[in-house]
1. Whether any residue in the stretch 356-373 is surrounded by 14 or more Cβ atoms within 10 Å (Cβ to Cβ), under 30 Å from VAL266 (Cα atoms) and at pLDDT below 85 is what I want to check.
2. Given the structure, is PHE245 aromatic (Phe, Trp, Tyr), closer than 21 Å to ARG173 by Cβ, surrounded by 18 or more Cβ atoms within 10 Å (Cβ to Cβ) and out of contact with any strand residue (DSSP E or B) (no Cβ under 6 Å at 6 or more places or on another chain)?
3. Could you list, in sequence order, the residues of the stretch 298-322 that are touching a Pro at 6+ places or on another chain (Cβ under 9 Å) and within 20 Å of MET164 (Cα to Cα)?
4. Quick check, is ALA176 in contact with a helix residue (DSSP H, G or I) (Cβ under 9 Å, 6 or more places away or on another chain) and either buried (at least 24 other Cβ atoms within 10 Å of the Cβ) or within 20 Å of LEU220 (Cβ to Cβ) (or both)?
5. Here is a list of conditions, (1) farther than 22 Å from ALA153 by Cβ; (2) of a type outside the set (Val, Ile, Thr); (3) at pLDDT 90 or above; (4) surrounded by fewer than 17 Cβ atoms within 10 Å (Cβ to Cβ), and ALA316 meets all of them except one; can you say which number that is?
6. Does LEU268 satisfy being touching a residue at least 60 places away in the same chain (Cβ under 8 Å), on the phi < 0 side of the Ramachandran plot, part of a helix (DSSP H, G or I) and not small (Gly, Ala, Ser)?
7. List the pairs whose first member sits in the stretch 143-168 and is more than 18 Å from GLN293 (Cα to Cα), whose second member is outside any helix (DSSP H, G or I) and among the hydrophobic types (A, V, I, L, M, F, W, C), and whose Cβ atoms are under 8 Å apart, counting only residues at least 6 apart or on separate chains?
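The values are calculated or read from the model by the stated rules, or taken from the named source; none is laboratory data. Keep in mind that what you see is a predicted model, and the values were worked out from it rather than measured. Reconstructed Cβ throughout: ideal geometry from the backbone, glycine too, with neighbour counts over all protein chains shown.
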Amino acid sequence: MSERRTDPAPPADPDAQPAHPVATSVDLAPETTGGLSTFERLLSVWVALAIVAGVAIGQWLPAVPETLARFEYAQVSLPVAVLIWAMIFPMMVQIDFGAIVGAGREPRGLLITSGVNWLVKPFTMFAISYLFLIVLFAPLIPEDLAREYLAGAILLGAAPCTAMVFVWSYLTRGDAAYTLVQVAVNDLIMLVAFAPIVVLLLGISDIAVPWDTVALSVVLYIVIPLAAGWATRVALIRRKGIDWFDQVFMRRIAPVTPTGLIITLVLLFAFQGEVILDNPLHIALIAVPLVLQTVLIFAVTYKLMHLAKVRHGVAAPGAMIGASNFFELAVAAAIALFGLQSGAALATVVGVLVEVPLMLALVRYANRTRRRFAAFEPTAGAGPAPVQGGTP
């Protein structure tokens, strides 16, 4: 399948995947934007409307979030988990497991992602948040409350993204199999590093880390959709063939990811709408260091990927993992440690509020700068083969 072009003979895009239908349906590169649906082109608008709708439901139809809140285990919302599953299933079903082995031939992407996530991100989050919340905003925020906000920011900084990165990878035409490897390594590190980093940065020694929340989140957001995607892929290709799978099935499920994202946001903000409305100024103040941190981590990781000559299908998702946050874990940990009405819980909710619009902007930037990585794409017979999902 060729990409839609407006120029008569433009140079081939190294990231183009001719037999990969998702690359066509969710291609945000400048030269192919005209092929997007209206829904995809206006995704930021739908995100904003989803936030407004979620807050409105929380205020005027409180029975909805109250009922859904009952479906919770280990402080993980099961309705939200189902929606996240729906978001990442189209990514998982593309993965050719035989290609995952190839990730070992491209260690630089994994090393950069892991290094920035765990040796840089938590500490820059602490430094930037301390500077703004404790020092610069001292006249505007009471000290005790400011320290609670700082605690929430620390929890966000110590939890790099897992589930949502599949959405960002999907939108940047990332390498599906390699993204899975990056997320899996990130999850393994998180299981052993989250608690010590939080303890260090919060300065307390008896913090109760919700291990059951971490384990359950990994199962819900990685294991279940991965198994379902693999089973679906194998069954459909066996019955219908790879051409039908690529040309028909993948086109049909392409809208599932953005639709799941919108509905997820509606629910999240239905749960937290009252807290947001009660603290408008503090919301804006908390957002400042979170936005700066997100842009900084993306810029550092993306630049390191470029300096290391990592191909775009690995570089873009790798930069997204650290830039975004595992907000499900951060919110759950804040509630468990400090309480539902605490400043720490509010700060983690603000992380959700600013993350999606900001990450969509970074997705667009990554797609606009794709050609800067063109020289790093492997050519036939030279260098490691791409670890692509999609067509085997």
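1. Yes, some residue in the stretch 356-373 is surrounded by 14 or more Cβ atoms within 10 Å (Cβ to Cβ), under 30 Å from VAL266 (Cα atoms) and at pLDDT below 85.
2. Values: aromatic (Phe, Trp, Tyr): yes; closer than 21 Å to ARG173 by Cβ: yes; surrounded by 18 or more Cβ atoms within 10 Å (Cβ to Cβ): yes; out of contact with any strand residue (DSSP E or B) (no Cβ under 6 Å at 6 or more places or on another chain): yes.
So PHE245 passes the test.
3. Applying the first criterion (touching a Pro at 6+ places or on another chain (Cβ under 9 Å)) to the stretch 298-322 yields 311-314, 321-322.
Those that are touching a Pro at 6+ places or on another chain (Cβ under 9 Å) and within 20 Å of MET164 (Cα to Cα): HIS312, GLY313, VAL314, ILE321, GLY322.
4. yes
5. (4)
6. Details: touching a residue at least 60 places away in the same chain (Cβ under 8 Å): yes; on the phi < 0 side of the Ramachandran plot: yes; part of a helix (DSSP H, G or I): yes; not small (Gly, Ala, Ser): yes.
When the stated conditions are applied, LEU268 passes them.
7. ALA163/PHE326
Quick grid of which residues meet (1) among the small types (Gly, Ala, Ser); (2) closer than 26 Å to ARG364 by Cβ; (3) touching a His at 6+ places or on another chain (Cβ under 8 Å); (4) buried (at least 24 other Cβ atoms within 10 Å of the Cβ):
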{"residue": "VAL275", "(1), (2), (3), (4)": "no, no, no, no"}
{"residue": "HIS282", "(1), (2), (3), (4)": "no, no, no, no"}
{"residue": "ILE286", "(1), (2), (3), (4)": "no, yes, no, yes"}
{"residue": "VAL291", "(1), (2), (3), (4)": "no, yes, no, no"}
{"residue": "MET305", "(1), (2), (3), (4)": "no, yes, no, yes"}
{"residue": "PHE326", "(1), (2), (3), (4)": "no, yes, no, yes"}
{"residue": "LEU329", "(1), (2), (3), (4)": "no, no, no, yes"}
{"residue": "ALA334", "(1), (2), (3), (4)": "yes, no, no, yes"}
